Each structure stands twice: as structure tokens, then as C-alpha cells.
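Since the structure comes first, as C-alpha cells, the remarks are kept for the end.
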Amino acid sequence: MRETVLNSKIFDSDIEKISMRDGYGEGLLEAGKNPDVVALSADLKQSTRVDSFAEKFPERFFECGIAEQNMIGIAAGLALNGKIPFASSLAVFAPGRTWDQIRVSVCYSKANVKIVGSHAGISVGGDGATHQALEDIAIARVLPNMAVVVPCDYIETRKAAVYVAEHKGPLYLRFARGKTAVITTEATPFKFGQAEIFREGKDVTIIACGPLVYYCLLAAKELEKEGISVQVINNHTVKPIDKLGIAKAAKETGAIVTVEEHQIDGGLGGAVAEVLAESYPVPIERIGVKDTFGESGHPRELLDKYGMGVKDIKEAVRTVLKRKGTS
């Protein structure tokens, strides 16, 4: 394992857990040192952790009310006039409810707008199907000129928010609501467009994004007891995806499992499958939500019910190894 860059307590039961949205709020505040950075909210500044920015830079904060589509139009106008707007909401609203405005006003115009989707995935829990964004990666990554970043924890979300302010062009930043394991450190590399190997392995590669990267590391540790050597890759940039890195992993291990808290169609798994089909086809298994909506419940229970738990990741690894012909 890359112990030099990952949290040394990654396999401890008392590993620290912090909300990724807190990382976003801190990163946005740091990005705010640039006077061109502005923030917009659709009546959710506390939920999306934009409130600290609003308090420190009130002249650069725009409360748009419960009018997400209007918020995107305002953000596009600000961007086309030289500002760097962060438009934050729940992921089901942005990019969900605002897809048309993002497509035309932001992406078609190549406006330098940062769409920030919080509360993504099924682990929103009790809010239920209407607020569990499971399609947002797919609808964002299909848009021309749009980049997509899905960090894995609190620290990486903060780093991503700081980077986003420097990125030129439309970008979608996605993260979960609840507290998740802090698996990275300040020394962990974060480079836009480049996947990072979090664990070395030779039998199979797991490629994941978001907070489920932690589950993948736990699964890899347990599979080690079965004599299975698992490489784990944190693929935080879903678009532009690291084609060279994915092809290299496929050549080295000969089998791939993708893991994401999103529909398996159109998200990270779909993007990886496209890369493999074009460059180096190998057996692939995809972990994610399988063409269904979620429901209300405890986040951990929902992840297990919908097949995204450690047990499910381990089973996918065993399945892909059988297809590879080595188990």
C-alpha cells in the first residue's frame, strides 16, 4: 500500500470521518483569495457549506433563492464577464434540474462556471429517491466542454475545490453529504486528469471514485487473506479520464472492477468500459446502482442493499478473476 501518501489509520475502526462538503467549504474559502471567485447558492448555502464564503466575502456572494435554473444563468453571465462562479446546490438540482441551462448557457458558451453538486449518491439516506443523485455523472460527462471531478474524501474535496478555481472552462464537482472516512493526507497527490494508485496489486485492478474508494481498500485488504493481490486506483477525474493509466492497469493485471455510488450505466464504470473497449479489452465487472431508484434508509444499509458494500466488491473481484481464468 502507498503508506507514504495515505492515512496510516486507514484500516483502524476509529478512522476519522469528516463530511466532504466541509472540505468543499474550506477549499472554496481558500479559492476566494482570488478576487474573481464568486459563489452562488439556491437557498442552500449552509447545506453546501458556502456560508463561510458568504460571511467573509459578502460582496462576492449571490443568494439566488429556490431558483436553480436562474442561478445557472446568472453564473454564466458572471463567467462571461470575467468572474469565476461556483454555483452550488444539491446534485439532484445541479446538474439535475438545471441540465438545459448548463448545456446551453454554460457548455455551449464555454463559460467558466463551476457546477457543485453536494448530497450525491444513495448515501444521502433518509431523504430518499427524489434527493439521491444517481445519474449526475452521466448527464454531466456527456456534455461537450464539461469536466467532471469526484473526490474521495474531505481532504481531496478541499484540494479539488482549490484546483477548480484555476481550471479553465465548465467543470462539475460532485461529493457526498455525510461524514466519510478520511483516507488521504496532505501529501497525497491530486492532479487533475490523472488517476492515482492507492494500493499496489498484480491480480486485478479496482478503479473507483468518491467515498467508496475507502470500501475498495477495505475489500482489497480482506482479499489479501485469500491470496488475491488487488490494485486500487482512485480515479477522481471522470472526465477527462486517464486513458493511459487505465490501459496500463489493464495490461498489468488483466482484469478490472469499477466501483461508484452512481448508476453503473453512464458513470465511471461506463467511462472505463469505453476506454478498455478502445484500447485494451479485458474482463470487467461494474459495481454501482443497477437501473433502479433508491429509497429512504441508513446510508450503510442502503449501500449494502444496492450492492455497493465491501462484500459486493469482493464478490465482483472473485467473479472477474474467474472470467480472467486465474481463479
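Only the coordinates and a few stated rules stand behind these numbers; no lab work does. Keep in mind that what you see is a predicted model, and the values were worked out from it rather than measured. Cβ: placed from backbone, ideal geometry, glycine included. Neighbour counts: every protein chain shown.
Annotations
- DSSP bridge pairs, the chain: antiparallel proportion in percent, nearest 5: 20 percent
- Within straight-line cross-link reach of K305, aspartates and glutamates at Cα separation under 17 Å, skipping those fewer than 8 residues along the same chain: D127, E260, E261, D291, E295, E315
- Listed by chain and number, the lysines placed with their C-alpha closer than 17 angstrom to that of K225 are K202, K311, K314; residues fewer than eight positions away on the same chain are left out.
- Cross-link reach list, aspartates and glutamates versus K251, counting only Cα pairs under 13 Å and skipping chain neighbours closer than eight places: D203
- Cα gyration tensor, the range 18-181 - rounded (a/c under 1.5), prolate or oblate: rounded
- Relative contact order of the chain, pairs being alpha-carbon contacts under 8 Å that are 6 or more residues apart, as %: 18 percent
- Electrostatic bookkeeping for P95 treats Lys and Arg as +1 and Asp and Glu as -1; over the other residues with beta carbon under 14 Å from its beta carbon, the sum is +2.
- Between S123, A94, I228, the Cα set farthest toward the positive side of the dipole of the range 93-246 (charges on each charged residue's Cβ, about the Cα centre) is that of A94.
- Computed from point charges on the beta carbon alone (+1 for Lys and Arg, -1 for Asp and Glu), the dipole magnitude for the chain about its Cα centre is near 600 Debye.
- For the range 1-73, chymotrypsin sites (Phe, Trp or Tyr not before Pro) meeting the loop criterion (DSSP other than H, G, I, E, B) and having at most 15 other Cβ atoms within 10 Å: F11.
- Residue (of V50, Y172, A147) at the positive-pole extreme of the range 18-181, dipole from beta-carbon charges: A147
- Principal semi-axes of the equivalent ellipsoid, √(5λ) from the alpha carbon gyration tensor of the range 196-324, are 21, 17, 13 Å from largest down.
- Cα gyration tensor, the range 112-156 - rounded (a/c under 1.5), prolate or oblate: oblate
- Total lysine pairs in the range 18-181 at Cα distances under 21 Å, for residues eight or more apart or on different chains: 23.
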